[in-house]
Structure formats: C-alpha cells, structure tokens
1. Considering only residues of the range 1-43 that are aliphatic (A, V, I, L, M) and in a helix (DSSP H, G or I), which is farthest from Val53 (Cα to Cα)?
2. Return the residues of the range 1-18 that are under 14 Å from Lys45 (Cα atoms) and among the basic types (Lys, Arg); say none if nothing qualifies.
3. Could you tell me which residue of the range 24-52 is surrounded by the fewest Cβ atoms within 10 Å (Cβ to Cβ), considering only residues that are of a type in the set (A, V, I, L, M, F, W, C) and under 16 Å from Glu11 (Cα atoms)?
Amino acid sequence: MSMRGKLISEEYQKMVWVRDDKGGEYVCYAKDLRSPEQVSEYEKKRCLDSSLVLGPNW
C-alpha cells in the first residue's frame, strides 16, 4: 500500500456513519460526536451529509 493509501485508510477508520431523527445519514469523525448512535444539529456542522456524495437514491 502506498503512503497515501495508508493515510486514507487510517482516516477512514476514524469515521462513523450515523443517522439523524429524520433518517438522514451523516459521515462524522467519531471524536466529534458525543454518541456514535446519534447526531445533534450542532454536530452535523462537523459532518458530511452522505446524500451530497452518494445522491438521494443510493
């Protein structure tokens, strides 16, 4: 594995996928969340809405 691939892999392992109460899915760094089970409105600002990357019909 190249150095770049290793760095990407290490960052990927630090991420979690969570859903909000409306069913939206977000990709966040685990360290930015109080609970890996849910995401607050404040925490969403530090996360990426997966529908922006994958599209709404993924």
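1. Among those residues, the one meeting the criterion is Met3.
2. If the condition is that a residue be under 14 Å from Lys45 (Cα atoms) and among the basic types (Lys, Arg), then no residue fits.
3. For the range 24-52, the residue satisfying everything is Ala30.
Each value in this text was obtained by applying a stated rule to the coordinates, not by laboratory testing. These numbers come from a predicted model, not from an experiment. Counting neighbours? That spans all protein chains shown, and the Cβs are built from the backbone with ideal geometry, glycine included.
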